[in-house]
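Novice: Next up is a structure, given as structure tokens.
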Amino acid sequence: MDIDTAADILAQKIKHLIITTSGHTAATATLEEFYQAFCAALKEEIMVNATATIDTIQYKKPRIINWISMEYMPGRLLTNNIYNMSANELVKAVLVKMDRNFSDLVSCEPDPGLGNGGLGRLSSCFLDSLAALHYPARAYGLRYQYGVFEQEIWNGVQVERPDCWLLNTDPWESRRDDFSVNIHFRGNPVHAVNKHGDDVYLIEDGEEVRALPYDIPIIGYSEKINYSVLLLRLWSTKESPRNFFLQRYNAGLLDQASENTSLTDILYPNDNNELGKRVRLKQEFLLVSASLQDIIRRHFHVYGDLIQFADKVRIQINDTHPALMIAEMMRVLTKNYDFSWAKALEVCQTCCSYTNHTILKEALEEWNEMRVQELLPRQYRIIQKLNQEFCNHIRQQYPGDEEKVRRLSIIENGQIRMAHLAILGSHKVNGVAELHSQILKQNIFKDFNELYPKKFTNVTNGVTHRRWLLHSNPLLASFISKRIGNGWIRDFSQIDKLAEFASDPESQKEFLEIKKKNKEALLQFLSRENFTRDANGKIIAHSHMLQSDALFDVQIKRVHEYKRQLLSVLHLIMLYQEETLSPVPRFCLFAGKAAPGYERAKQIIQLICAMGRKLHADPRIKDNICIAFIENYNVSLAEIIIPAADLSEQISAAGWEAAGTGNMKLAMNGALTIGTEDGANIEMHKAVTDRYWPFSFGSSAEENQQSYKSWDIYTQDEQIRRAVDALKNGLLAESPSEDAAFKQIYHHLTENDPFRVLKDLRAYYETQKRVEELFLQPALWAETAIHNIAAMGQFSTDQTIRNYAKIWGLEPCIPDPNILLKVREEYSENDRCKIKI
């Protein structure tokens, strides 16, 4: 079918849906009504393939991976779906016929508020690659009503507002009431035994919470019609009447009455109070229990029993948040399905694998024993028994070494260590970059690695190049395809062919022109959307900006001390204090959210904004150095910022960043990295080679483990001392609250400096001089950037997922052509406005 005919059919479908859903014609429909109908028309076609994918999996009965994560950051789905269906030309033709603008259509869609940072974006990249590579998979998460939060910056202060991404109907999700499940909290455990004589527990007088699933289709990229569609199932407690305690409400106990309906309101509720801790633990168990029930239900639907469960089911525990999967699987198998304790543990350790994403204490979760016992009394007894048996095993392996028992124990000093639970109950444990995995084996989980040396492995993170290059940077994607063909879209290892053009003057010139156009597009966006607000939130001006010939210096990521936004700010203070201005104008773009309870991170945002204000107010320097803090960073903003970046700031303290994925996205889009030898920077450096990775600096992870006194650097380096003194001498602060915040940062740096900011500041300053020297040589800069792009082939999540598939023992399962044909015929028989894409 030609494009014009297909466009006519799709336009008919859209008109039909507009009338049946809104009572308007296409000519009078509002933009939102048109958007809803347009997405619904595409979704009908998508669901044909989703049905064929599900039916093929049920027919062929392959092993399936179930991805369990508290976070996803899919970004806008409309554009990604169109690209992955290879429907770009069709959509253009339809919109011309219907006299609608694509950018207007896209603006109707908010970013789904399902994640916070790299963890969530990584999960979404994984789902994209799982679908593109046709692996049989299902993903589970929570449907957060108000996301993590919507960020505004009021006179430098982060203000958190509800992220109302569900204010309008989400056209991509499908509510599935028939698959809702019940979750149980609290109650009195009643002892019993199963047929093997193992202890099991019933529950009396507990709280029952209903979890309602919503499904979102995830489309795998394909140039053909046989693309796979996986489902992301999100659980909600918002619209479940039994979750609301009316009697408590009538008694005036409003917080208790609505606690269970609010479990899926917010991602990561602030847990510096008892209610926040309780809700967060409930969230994690809700995800685990609901997902496990659904996994078992689906397995029963195909096989009728659990005999092949250990062979056919794989479950990936994404960070420690779903670690309760181990205890709940043990409970369900022994109590509901009469597995012996030993067999249940064997099944659990066969099915489950655990990905560790960080060495930070707050991510290596620990839960208070008493809180777990109160909210999850049956699961607590499972954990107790697992721990007792595990400790006895350690004593047999290491007689008399009670210190080792203490270090390995799941329960220690009244805290349940969730990472230890996940390791014990899993088949494999992986880090997400070579250095990170080494740190896990040699330091964080050294004792576990000695006990289970075959359990630990590495799977380096990646990003989906289709989203972050093909979709986000069409000019650069066209530049690449013109030179090496389109094969890189399906097989990103082919990107290495681009290196042949790095020294070509015409290619260098075109690359620089593309970068300039992307920078101008970002400037246009900022001139419309990025504001300066006063202390009351009133917009008082647009952010100050430099022109596209400036060096666009980009640091976009979650605000955290170990990511060292402070290092960048201190460098800018040093530049401000110099008498001679740099020959390179520098436009510094910061974006990222600070956790609501993370006071230091919020102070860092204040400092960034204060420094930007200072630069803007000084006529000597305002056109030489400029700072923009872009509020409410999300995937859609990243898609505008990343193609425009010249310099990628990846400057975490070595040994703290697990991998990073922003570093990969920026490099794929032709930004050069200034970075420490940390996380995946190390593997990227190796792939790019020293010659084209000129801005490496800083202490190594090993050096950062050595004793260090920041005061010595502060007193011995006059330039650094002047910059740090700016935090306490009133140079930047314009209010008592700012003065207090900046002085706290000053004392933190000079007295402790746990993330080695001052230790690396001199090296960072000197490396930034090399950045400026290279930027003044545009052809050489372009050559270096093109080599960076060409070396990114191994950092696609396609490769990452292939590596995970080896752990899972997973094989692709392409939708069966006969099944797909049968589903299409059945669909077309009942739809005279069938679309063909």
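Novice: How about region 364-419: which of its residues are without any contact (Cβ under 8 Å) to a residue 60 or more places away in the chain, within 20 Å of LYS446 (Cα to Cα), open to solvent by less than 20 Å² (accessible area, probe 1.4 Å) and not small (Gly, Ala, Ser)?
Specialist: GLU365, ASN387, PHE390, CYS391, ILE394, LYS404, VAL405, LEU408, ILE410, ILE416
Novice: I need the full set of residues from region 158-174 which are in a strand (DSSP E or B), in contact (Cβ under 8 Å) with a residue 40 or more places away in the chain and surrounded by fewer than 19 Cβ atoms within 10 Å (Cβ to Cβ), in order please.
Specialist: VAL159, GLU160, SER174
Novice: State whether the residues of region 738-755 include one that is without any contact (Cβ under 8 Å) to a residue 24 or more places away in the chain, open to solvent by 40 Å² or more (accessible area, probe 1.4 Å), of a type in the set (A, V, I, L, M, F, W, C) and closer than 30 Å to ILE605 by Cα.
Specialist: Yes, region 738-755 contains a residue that is without any contact (Cβ under 8 Å) to a residue 24 or more places away in the chain, open to solvent by 40 Å² or more (accessible area, probe 1.4 Å), of a type in the set (A, V, I, L, M, F, W, C) and closer than 30 Å to ILE605 by Cα.
Novice: Taking region 14-34 as the search range and keeping residues that are open to solvent by 40 Å² or more (accessible area, probe 1.4 Å) and of a type in the set (Gly, Ala, Ser), which one is nearest to TYR827 (Cα to Cα)?
Specialist: GLY23
Novice: In region 320-364, what residues are among the β-branched types (Val, Ile, Thr) and part of a helix (DSSP H, G or I)?
Specialist: Initially, region 320-364 is screened for residues among the β-branched types (Val, Ile, Thr), giving 320, 326, 332, 334, 347, 350, 355, 358-359.
Listed by number, the residues that qualify are ILE326, VAL332, THR334, VAL347, THR350.
Novice: Only one of (1) out of contact with any helix residue (DSSP H, G or I) (no Cβ under 6 Å at 6 or more places or on another chain); (2) over 30 Å from PHE742 (Cα atoms) is not met by GLU152, so which one is it?
Specialist: Result: GLU152 fails condition (2) only.
Novice: Looking only at residues that are open to solvent by 80 Å² or more (accessible area, probe 1.4 Å) and touching a residue at least 40 places away in the same chain (Cβ under 8 Å) in region 706-737, which one is farthest from SER652 (Cα to Cα)?
Specialist: So, considering only residues that are open to solvent by 80 Å² or more (accessible area, probe 1.4 Å) and touching a residue at least 40 places away in the same chain (Cβ under 8 Å), the one farthest from SER652 (Cα to Cα) is GLU734.
Novice: Restricting attention to region 756-788, which residues are open to solvent by 10 Å² or more (accessible area, probe 1.4 Å) and over 26 Å from LEU581 (Cα atoms)?
Specialist: Listed by number, the residues that qualify are ARG756, GLU783, HIS787.
Novice: Exactly one of (1) in a strand (DSSP E or B); (2) touching a residue at least 60 places away in the same chain (Cβ under 8 Å) is unmet by HIS196. Its number?
Specialist: (1)
Novice: Cβ-Cβ under 6 Å, sequence separation 6+ or interchain: first residue in region 316-345 and free of Cβ contacts under 8 Å to residues at least 24 places away in the same chain, partner small (Gly, Ala, Ser) and open to solvent by 10 Å² or more (accessible area, probe 1.4 Å). Which pairs?
Specialist: Every condition considered, no pair remains.
Novice: On to the next question. Looking only at region 200-212, decide whether some residue is without any contact (Cβ under 8 Å) to a residue 60 or more places away in the chain, open to solvent by less than 50 Å² (accessible area, probe 1.4 Å) and part of a loop (DSSP other than H, G, I, E, B).
Specialist: yes
Novice: Kindly list, by first and then second residue, each pair from a residue in region 437-460 that is free of Cβ contacts under 8 Å to residues at least 40 places away in the same chain to a residue that is open to solvent by less than 30 Å² (accessible area, probe 1.4 Å) and hydroxyl-bearing (Ser, Thr, Tyr), limited to pairs with Cβ atoms under 9 Å and residues at least 6 apart or on different chains.
Specialist: Once the first residue is free of Cβ contacts under 8 Å to residues at least 40 places away in the same chain and sits in region 437-460, its partners that are open to solvent by less than 30 Å² (accessible area, probe 1.4 Å) and hydroxyl-bearing (Ser, Thr, Tyr) give SER437/THR460; LYS455/SER426; PHE456/SER437; ASN458/SER437.
Novice: A further question on this structure: Kindly provide the set of residues from region 147-157 that are open to solvent by 50 Å² or more (accessible area, probe 1.4 Å) and either of a type in the set (A, V, I, L, M) or more than 25 Å from ALA628 (Cα to Cα) (or both), ordered by number.
Specialist: The one that is open to solvent by 50 Å² or more (accessible area, probe 1.4 Å) and either of a type in the set (A, V, I, L, M) or more than 25 Å from ALA628 (Cα to Cα) (or both): VAL157.
Novice: Further question on the same structure: Filter the helices (runs of 4 or more DSSP H) completely within region 35-146 down to those with at least 2 residues that are crowded, with 19+ Cβ neighbours inside 10 Å.
Specialist: Result: 77-84, 88-97, 118-132.
Novice: Restricting to strands (runs of 3 or more DSSP E) lying wholly in region 498-571: which have 2 or more residues that are at negative phi and under 25 Å from the mean Cα position of the chain (by Cα)?
Specialist: Output list reads 551-556.
Matching residues to (1) modelled with pLDDT of 95 or more; (2) touching a helix residue (DSSP H, G or I) at 6+ places or on another chain (Cβ under 6 Å); (3) among the polar types (S, T, N, Q); (4) buried (at least 20 other Cβ atoms within 10 Å of the Cβ):
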{"residue": "PHE511", "(1), (2), (3), (4)": "yes, yes, no, yes"}
{"residue": "LYS515", "(1), (2), (3), (4)": "yes, no, no, yes"}
{"residue": "LYS519", "(1), (2), (3), (4)": "yes, yes, no, yes"}
{"residue": "ILE539", "(1), (2), (3), (4)": "no, no, no, no"}
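Novice: Taking into account only those residues within region 629-661 that are over 17 Å from the mean Cα position of the chain (by Cα) and of a type in the set (Asp, Glu), which is farthest from THR676 (Cα to Cα)?
Specialist: Across region 629-661, the extreme among qualifying residues is GLU631.
Novice: Go through the residues of region 656-669 one by one and say whether even a single one is in contact with a Pro (Cβ under 9 Å, 6 or more places away or on another chain) and modelled with pLDDT of 95 or more.
Specialist: Taking region 656-669 as the starting set, the residues that turn out to be in contact with a Pro (Cβ under 9 Å, 6 or more places away or on another chain) are 669.
Subsequent filtering for residues that are modelled with pLDDT of 95 or more retains 669.
Yes, region 656-669 has at least one match.
Novice: Quick one: in region 279-319, of everything that is polar (S, T, N, Q) and in a helix (DSSP H, G or I), which residue is surrounded by the fewest Cβ atoms within 10 Å (Cβ to Cβ)?
Specialist: If we take residues in region 279-319 being polar (S, T, N, Q) and in a helix (DSSP H, G or I), then GLN293 is surrounded by the fewest Cβ atoms within 10 Å (Cβ to Cβ).
Novice: Yes or no: LEU572 out of contact with any Phe, Trp or Tyr (no Cβ under 7 Å at 6 or more places or on another chain), over 22 Å from LEU607 (Cβ atoms) and open to solvent by less than 10 Å² (accessible area, probe 1.4 Å)?
Specialist: It is false that LEU572 is out of contact with any Phe, Trp or Tyr (no Cβ under 7 Å at 6 or more places or on another chain), over 22 Å from LEU607 (Cβ atoms) and open to solvent by less than 10 Å² (accessible area, probe 1.4 Å).
Novice: So how many residues does region 333-363 have that are of a type in the set (A, V, I, L, M) and surrounded by fewer than 18 Cβ atoms within 10 Å (Cβ to Cβ)?
Specialist: Looking only at that region, the number is 3.
Novice: Let me ask something else. Could you list all residues from region 789-831 that are hydrophobic (A, V, I, L, M, F, W, C), open to solvent by 30 Å² or more (accessible area, probe 1.4 Å) and not in a helix (DSSP H, G or I)?
Specialist: Residue satisfying the conditions is ILE814 alone.
Novice: Please specify each residue of region 756-782 satisfying the condition of being over 31 Å from the mean Cα position of the chain (by Cα), in a helix (DSSP H, G or I) and touching a residue at least 24 places away in the same chain (Cβ under 8 Å).
Specialist: Of all residues in region 756-782, those over 31 Å from the mean Cα position of the chain (by Cα) come to 762, 766, 769-770, 772-780.
Cutting the leftovers down to in a helix (DSSP H, G or I) gives us 762, 766, 769-770, 772-775, 778-780.
Those that are over 31 Å from the mean Cα position of the chain (by Cα), in a helix (DSSP H, G or I) and touching a residue at least 24 places away in the same chain (Cβ under 8 Å): ARG762, GLU766, ARG770, GLU772, LEU774, PHE775, PRO778, ALA779.
The values are calculated or read from the model by the stated rules, or taken from the named source; none is laboratory data. Just so it is clear, the structure is predicted and the values come from calculations on it, not from any experiment. Heads up, the Cβs are rebuilt from the backbone with ideal geometry, glycines too, and the neighbour counts pull from every protein chain shown. Accessible surface areas use protein heavy atoms only, side chains included; no ligands, DNA or RNA. Shrake-Rupley method; radii C 1.70, N 1.55, O 1.52, S 1.80 Å.
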